[in-house]
Every structure is written in structure tokens, then in C-alpha cells.
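S.K.: I'd like to ask you about the structure that follows.
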Amino acid sequence: MSLKPSAAPPETSTGDLDARHLWHPYTQMRLAPAPVPIAYGEGAWLVAESGKRYLDAISSWWVTLHGHAHPHIAAAIAQQAGTLEQVIFAGFTHRPAAQLAGKLAALLPAGLNRVFYSDNGSTAVEVSLKMAVQYWANQDRPQRHRIVALRDAYHGDTVATMSVSEPSYFTEKFQPLMFPVQRARTAPCACCGAHANDCDSLEAILQRSGEEVAAVIVEPLLQGAGGMKVHPATFLRDVRRLCDRYGALMIADEVLTGFGRTGIERQGVPTRGDAPNPPLFACEASGIVPDIICLSKGLTGGFLPMAATACTARVFQAFYSENRRDTFFHGHSYTANPLGCAAALASLEVFEREPVFERIARITQIHSERLEAIRKRFADRVLETRQAGTVGILELRDESGGYLAAVGPKLQNYFLENGVLLRPLGSIIYCLPPYCISEDELNQVWDLVERSLQLA
Ligand SMILES: Cc1ncc(COP(=O)(O)O)c(C=O)c1O
């Protein structure tokens, strides 16, 4: 059999082929500038086919942990590809999947020791929602099927994850497909301090309809795409307490926050005796154990699409039954893909082989200093600065339009022209770099952000 020659001759440029055939995510194809063809990545840099270099200050949609093309992870994937690239995960298992599950169970908040794999952040959350609803159904309590989510949440782009996200431009066209969700207010920004009544709104919902609630879902410490909002660890602890009081499961969506993104400081909780390492998860840093946790993005160091939904023995037990109808009927073709597992194991090894915790601490420190200076110097332009560990955020004043604020693409183009990949969410500029970024490089990013504020 021979493959027909492709429609375009091989010498056609990446840009031409792209313009002819591709449809990019979150992109108005009519208005957006042509995408930048990237030839390769190294460390915190992306290098275009033209030779122009871009400092990746958003870790390529929040996934790259240790840097692009990190040789240890690349080698682990190559080695695995030559051994076992894929195997059906029903009725079969393999060493990388089992090893990774063991490692995650050891690193996650104590008790989250049963791991279910899937492919991306949305599926990690989708799995958690189905797990929570079936947990109750398997125990003959199907009336507990509702989900409570937080205002400003973002949990993904599938229909169920859109349902639990804040209604927005992203979701408005799909409203007829989505299920109803009750939404609780979050606490005010952590930077403004916690308040005694932060959880009143959640408690009111649980008081009213707690008997129908399967689970409460939260993005711990940092709500990402819904506006880079930061809340205090005390809020999270209150959510845990209320879930316990009203019998609902707590789902922590750490798709973004996992693997050190929100910093490695323990927030008002003592170090666990058996956990000498700094916490890698926002829940651990806050001293809580959710019933279900969702991981993706940084799981493979940003190399391959993979996700894990981990739960406690209590949740797992509700599915462990003589009755085949109690089975968790969920799975994906690529569940536990060996290449993804190998990448994830290698990424966790990088935490042991390189001074990653020091890098996280340094980024946290630089963000804090630069944001403080920006807040003082640009009080007329900047409404608020916020920070969650390695994520530094500033929100501009007087910009309407939310995510579609015109200032967003303007700033993005300015940053790109100047060799930095930043992608403001409307009028919210945030820096979320790979941990390998150097002090100089990170200061370069903040210098450019300051220049952009002078221009406007
Ligand atoms: C908190 C959170 N949950 C879920 C998702 C969805 O992940 P994915 O884009 O891999 O489907 C995201 C993506 O940004 C996220 O930030």
C-alpha cells in the first residue's frame, strides 16, 4: 500500500500548512495573528523556525515543570518507547504505571492511595465527578448526586467540567447541554486576609440541600483560568470541615496547582512526621486531605498528555463489590500509557536529582519582590497584585470585557514581539514559569511587564 502524496508539497512552510489545515484552541482564527512556528525548546526557552527566541513565562499552558526538552525526561520516554509503548489497561498492567501509582500515593496527602489514570486535566476532573456520584449510587443513596462548585471556578472544557466551571464566554453556547450546579462564594483574596465568615455561602448551600450533595469541588489555593484568584489555606480547611459535617465528598482539582506550583510553604500546619520533603500539593501545604484529587499538567513534567485521579480507600471500597454493576465503567484507550508514566516517573526523579525546591523558593521570592514594587509604582494602572507561590499575578484597573478585554491580545502581542510568552487572561497578567528559569530570565519577564505598564 502506498500513501498518496499529501496535498501540499513537502517544501511548503509550516505557516502555510498551518494556515491551510489547522484549527487552534482558544483562537479566533479570523482575528488572531499567525501562530509562531516553534522549531525546538530548551530550558525556559522556545526557539522559532525563524531563530527568534521566546522566554516561556507560562510554562506552555502551565505544563512544563523543569524546562523544555529536559534530557532526563526525554531519555526516559525514548527508553520506554523502545520497550513498551502502549498496552490495554483492562486486564493488563505494567511496571511504570504501578511504580508511578506507588510514588504518587507516597507523595500525596496521606490516604490518597488509589490511582485512576486518564489523559488530561478535563478527564481527571470528569473522572472525579463520576466517581463521586457513583460512590453514593453504589451505596443506595442515588439522591446524593449534586455537585457544589465555587464561583470563578475553571475545571475544563468537556461538558461535565464546563458545568462545574463558572458560566463564562467559554461555556455560554453549551448551556443546554450542561447540568445544574450550586455555586458557593470563595474567600476573598488570600493577600487581603481571611475572614471568619468566608464559608457562609458554602454552608448555606449544604444546610439547605446537603442531603443531595455528592461532592464539593475546589481548585485549592489558586483558581486558574477563572481569573487567577487566590484564597487562603484557612478557606480550604473550612471547606474540608463543612464537607465532613454535611457528609459530602471533597474533590480537589490540583490539575494546575499540583507539583509545587503554589509554593512549598506549609500554610499554618506543622510538618508531617513522615513527610520530610516540602509539600508538592496545595492540599498538603494546607494540611487537608480531600477524598479525591485530580492531577495532570505538570504530572509528566509537561512532556505528554496524562492525568491521574486519586482517591481514598473509603471511596474505592464503595466500588469494590461482588456486584459487577458497581464497576466504575470509565476508561480511555490510552489509560496509563507507558510513555506518559515513564515521563511522570522521570519528572519526579528530577525533583530528587536537581535543586527543584530551591528553584521554587527562588521564583516565589522574586515574584513577591517584583509584585510589591509594581503595586507601589503602578498604583494608577494596577488594581491588585496576587501571588500563589510560583504564580505571580497582577490585575489591571478599569478594563472591561473580562476574558475578552481588548487589552489582553494587545499585551500578548507586545510581549511576543519582545520575546516573552505571556498570555494575559483579559486584563489579568500572570507569570507561571518553568522551575528552571534563572533569576535573570525571570527578572527579564518582570522588566518587560513593567515596560508594558508604562506604555499603556
Ligand atoms: C484547575 C484546572 N482543572 C482542569 C483543567 C483542564 O485541563 P486540560 O486543559 O488538560 O483539559 C485546567 C486547565 O487549565 C485547570 O487549570
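S.K.: For the subset of the range 403-427 comprising residues that are in contact with a Phe, Trp or Tyr (Cβ under 7 Å, 6 or more places away or on another chain) and farther than 19 Å from A44 by Cα, which member is surrounded by the fewest Cβ atoms within 10 Å (Cβ to Cβ)?
M.R.: Only one residue fits best here, namely L404.
S.K.: Can you give me the number of residues within the range 357-395 that are in contact with a helix residue (DSSP H, G or I) (Cβ under 7 Å, 6 or more places away or on another chain), buried (at least 21 other Cβ atoms within 10 Å of the Cβ) and in contact (Cβ under 8 Å) with a residue 60 or more places away in the chain? I'd like the intermediate steps shown before the answer.
M.R.: Let us first name the residues in the range 357-395 that are in contact with a helix residue (DSSP H, G or I) (Cβ under 7 Å, 6 or more places away or on another chain), namely 362-363, 366, 370, 374, 378, 381-382, 385-387, 389-390, 392, 394.
When the remaining residues are screened for being buried (at least 21 other Cβ atoms within 10 Å of the Cβ), the result is 363, 370, 385-387, 389-390, 392, 394.
Of the ones still in play, those that are also in contact (Cβ under 8 Å) with a residue 60 or more places away in the chain are 363, 370, 385-387, 389-390.
Counting residues in the range 357-395 that are in contact with a helix residue (DSSP H, G or I) (Cβ under 7 Å, 6 or more places away or on another chain), buried (at least 21 other Cβ atoms within 10 Å of the Cβ) and in contact (Cβ under 8 Å) with a residue 60 or more places away in the chain gives 7.
S.K.: While we're here: Which residues, taken from the range 199-251, are assigned to a loop (DSSP other than H, G, I, E, B) and closer than 24 Å to Q387 by Cβ?
M.R.: Passing the criteria: C199, E219, P220, L221, G224, A225, G226, G227, M228, H231, P232.
S.K.: Kindly list the number of the only condition in (1) under 30 Å from V47 (Cβ atoms); (2) more than 16 Å from the ligand (Cβ to nearest atom); (3) surrounded by 14 or more Cβ atoms within 10 Å (Cβ to Cβ) that fails for H94.
M.R.: Looking at each condition in turn, H94 falls short on (1).
To keep it simple, each residue is scored yes or no on (1) outside the structural domain of Y26 (by TED's automatic domain parsing); (2) modelled with pLDDT under 95; (3) of a type in the set (V, I, T).
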{"residue": "A149", "(1), (2), (3)": "yes, no, no"}
{"residue": "V164", "(1), (2), (3)": "yes, no, yes"}
{"residue": "K173", "(1), (2), (3)": "yes, no, no"}
{"residue": "L177", "(1), (2), (3)": "yes, no, no"}
{"residue": "V181", "(1), (2), (3)": "yes, no, yes"}
{"residue": "T186", "(1), (2), (3)": "yes, yes, yes"}
{"residue": "S209", "(1), (2), (3)": "yes, yes, no"}
{"residue": "I217", "(1), (2), (3)": "yes, no, yes"}
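S.K.: Let me ask something else. Looking for whichever is under 24 Å from the mean Cα position of the chain (by Cα) and outside the structural domain of S168 (by TED's automatic domain parsing) here; the options are R375, R423. Which one fits?
M.R.: Values: R375 fails: under 24 Å from the mean Cα position of the chain (by Cα).
Of R375, R423, the one residue that is under 24 Å from the mean Cα position of the chain (by Cα) and outside the structural domain of S168 (by TED's automatic domain parsing) is R423.
S.K.: Of the residues that make up the range 242-251, is at least one under 30 Å from L396 (Cα atoms), buried (at least 24 other Cβ atoms within 10 Å of the Cβ) and within 16 Å of the ligand (Cβ to nearest atom)? Before the answer, list the steps.
M.R.: Filtering the range 242-251 for residues under 30 Å from L396 (Cα atoms) gives none.
The answer is no; no qualifying residue exists.
S.K.: Assuming I363 fulfils every condition listed in (1) in a helix (DSSP H, G or I); (2) more than 21 Å from R451 (Cα to Cα); (3) out of contact with any strand residue (DSSP E or B) (no Cβ under 8 Å at 6 or more places or on another chain) apart from one, which condition is it?
M.R.: Exception for I363: condition (2).
S.K.: Same structure, new question: Any residue in the range 294-315 that's assigned by TED's automatic domain parsing to the domain that holds L339 and closer than 14 Å to P109 by Cα: show its pairings with residues that are away from the ligand (no atom under 14 Å from the Cβ) and among the polar types (S, T, N, Q) at Cβ separation under 7 Å, as long as the two are six or more apart or on different chains.
M.R.: Matching pairs, first to second residue: A313/N113.
S.K.: Same structure, new question: Given the options V115, V87, name the one that is within 26 Å of the chain's Cα centre (by Cα), among the β-branched types (V, I, T), more than 26 Å from H367 (Cβ to Cβ) and in the same structural domain as M162 (by TED's automatic domain parsing).
M.R.: V115
S.K.: I would also like to ask the following. Please work out which one of (1) closer than 15 Å to F116 by Cα; (2) without any contact (Cβ under 8 Å) to a residue 24 or more places away in the chain; (3) among the charged types (D, E, K, R) is the condition D291 fails and give its number.
M.R.: Condition (2) is where D291 drops out.
S.K.: Kindly establish whether V133 is β-branched (V, I, T) and crowded, with 24+ Cβ neighbours inside 10 Å.
M.R.: no
S.K.: Looking at (1) among the polar types (S, T, N, Q); (2) within 14 Å of the ligand (Cβ to nearest atom); (3) more than 24 Å from the chain's Cα centre (by Cα), can you tell me which one T262 breaks?
M.R.: For T262, the exception is condition (3).
S.K.: What's the number of the condition L236 fails, among (1) more than 20 Å from the chain's Cα centre (by Cα); (2) within 16 Å of the ligand (Cβ to nearest atom)?
M.R.: Only one criterion is unmet by L236, namely (1).
S.K.: Assuming V213 fulfils every condition listed in (1) more than 23 Å from A307 (Cβ to Cβ); (2) within 16 Å of the ligand (Cβ to nearest atom); (3) buried (at least 17 other Cβ atoms within 10 Å of the Cβ) apart from one, which condition is it?
M.R.: Condition not satisfied by V213: (2).
S.K.: When the range 28-40 is examined, which residues are found to be part of a loop (DSSP other than H, G, I, E, B) and surrounded by 12 or more Cβ atoms within 10 Å (Cβ to Cβ)?
M.R.: Of everything in the range 28-40, those that are part of a loop (DSSP other than H, G, I, E, B) and surrounded by 12 or more Cβ atoms within 10 Å (Cβ to Cβ) turn out to be A32, P35, V36, P37.
S.K.: Does the range 278-324 hold any residues that are within 14 Å of the ligand (Cβ to nearest atom) and either surrounded by fewer than 18 Cβ atoms within 10 Å (Cβ to Cβ) or part of a loop (DSSP other than H, G, I, E, B) (or both), and which are they?
M.R.: Residues satisfying the conditions are F281, P290, S296, G302, F303, L304, P305, M306.
S.K.: Take the residues in the range 128-174 that are over 22 Å from the mean Cα position of the chain (by Cα), in contact (Cβ under 8 Å) with a residue 12 or more places away in the chain and in a helix (DSSP H, G or I); name whichever of them is farthest from the ligand (Cβ to nearest atom).
M.R.: W136
S.K.: What about T335, is it in a loop (DSSP other than H, G, I, E, B), buried (at least 17 other Cβ atoms within 10 Å of the Cβ), of a type outside the set (D, E) and in contact (Cβ under 8 Å) with a residue 12 or more places away in the chain?
M.R.: The answer is yes for T335.
The values are calculated or read from the model by the stated rules, or taken from the named source; none is laboratory data. For clarity, every value in this text was computed on a predicted model and none was experimentally measured. Virtual Cβ from ideal backbone geometry, glycine too; neighbours counted across all protein chains shown.
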